[in-house]
Amino acid sequence: MAGGIAPLHEFALNRVSARAVQRACRVGTIFRVRRGWYASAGAPVELVRAVRVGGALGCVSGCAEYGLWLPPGAVLHVSVGRGARHIKHPDTAVAVRQFAPDAGVVLHWDRVDNSPAGRWLLPLIDCIRQVFACQPEEIAFTMLESALRQGLVGSGELDWLASQVTVRQREVVRSAGALADSGTESLFRFRMLRVGVTMCSQVRIAGVGRVDFVIGDRLSIEIDSEAHHGGANRRRDLARDAALTRRDYLSLRFDYHQVLTDWANVEATVLAVVARGDHLSRVSSKSDAAPVGRLDSTR
């Protein structure tokens, strides 16, 4: 059972009788997902829910199954054939004609891959294509950077993706990179670029280490992950900030919740520093700062 899910006829192909299947269901080794489909007790929950609907996991749900960053509040996204029938609820298996907007299920009526590997989970690049068609650009950008960071998408797939999206979205594809350490960093960079603020990503500074972003030549930006909290992490951050100050850097630090839920204040803070020119020093460049990545350009 690849992925922990299989249609009934595959049991027969592997010389497993219908009686043996029923016996496995009784003891709880496997369970019936919907007519003709069974899953092992440990099968991934979202894959099971997608099969129960009658399709394959796709869009943001499929990306999450591959281990990509997942936007907050994401619901189940299922890819079904254009002529699909017998759609069912992902939890109750009750037949439905369509899902209400608040049902927690989004159907993508564009599934074309019926190969064994795509029966319950679309290929990753197809999931990302659906994200670009379904989600805001910043979410698509962030998920694409998550895939690039993990080495899950190659140059050929990027070229194919660029051919499948709108002209405007091609610029989003081209601006994505593999340097961001988290989805929050990707969101921050995307939003800053949208308001005309350029920056260097993942910059090594002597005596400090690597910082997430440098704007101008002295404004250091650190984006703390959701798991980042007090204790040793906090003490390390204070030491880094002090080291930056000694080297005439101005340090700003934002966390996951600020970027996700208080963006207006984050943006206003950065723009205020830039408007005053505090991100620039009297010296045009610093010898102790070495950009790891390229200098982003405004899109």
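Some points to look at:
- Looking across the range 171-218, the residues that are in contact (Cβ under 8 Å) with a residue 60 or more places away in the chain, in contact with a helix residue (DSSP H, G or I) (Cβ under 8 Å, 6 or more places away or on another chain) and in a strand (DSSP E or B) come down to 201, 205, 215.
- Criterion violated by residue 34 - all others in (1) in contact with a strand residue (DSSP E or B) (Cβ under 9 Å, 6 or more places away or on another chain); (2) within 13 Å of residue 121 (Cβ to Cβ); (3) touching a residue at least 40 places away in the same chain (Cβ under 8 Å) satisfied: (2)
- Residue within the range 270-279 that is modelled with pLDDT under 95, within 26 Å of the chain's Cα centre (by Cα), closer than 20 Å to residue 142 by Cβ and not assigned by TED's automatic domain parsing to the domain that holds residue 169 present: no
- Taking every residue in the range 60-73 that is outside the structural domain of residue 50 (by TED's automatic domain parsing) and in contact (Cβ under 8 Å) with a residue 12 or more places away in the chain and pairing it with any residue that is buried (at least 19 other Cβ atoms within 10 Å of the Cβ) and part of a loop (DSSP other than H, G, I, E, B), at least 6 positions away or on another chain, yields no pair with a Cβ-Cβ distance below 6 Å.
- Test: residue in the range 220-236 that is of a type in the set (Gly, Ala, Ser), outside any loop (DSSP other than H, G, I, E, B) and buried (at least 17 other Cβ atoms within 10 Å of the Cβ): yes
- Any hit, the range 86-102, residues being in contact with a Leu (Cβ under 9 Å, 6 or more places away or on another chain), of a type in the set (A, V, I, L, M, F, W, C) and surrounded by 22 or more Cβ atoms within 10 Å (Cβ to Cβ): no
- The single condition among (1) free of Cβ contacts under 8 Å to residues at least 24 places away in the same chain; (2) crowded, with 16+ Cβ neighbours inside 10 Å; (3) farther than 18 Å from residue 127 by Cβ; (4) of a type outside the set (Ser, Thr, Tyr) that residue 83 does not meet is (2).
- When the range 224-247 is filtered for residues that are small (Gly, Ala, Ser), out of contact with any Phe, Trp or Tyr (no Cβ under 8 Å at 6 or more places or on another chain) and modelled with pLDDT under 85, the ones remaining, listed by number, are 227, 230, 231, 232.
The values are calculated or read from the model by the stated rules, or taken from the named source; none is laboratory data. Predicted model, so just to flag it, every value in this text is computed and none were measured. Every residue, glycine as well, gets a Cβ built from its backbone with ideal geometry; the counts of neighbours run over all protein chains shown.
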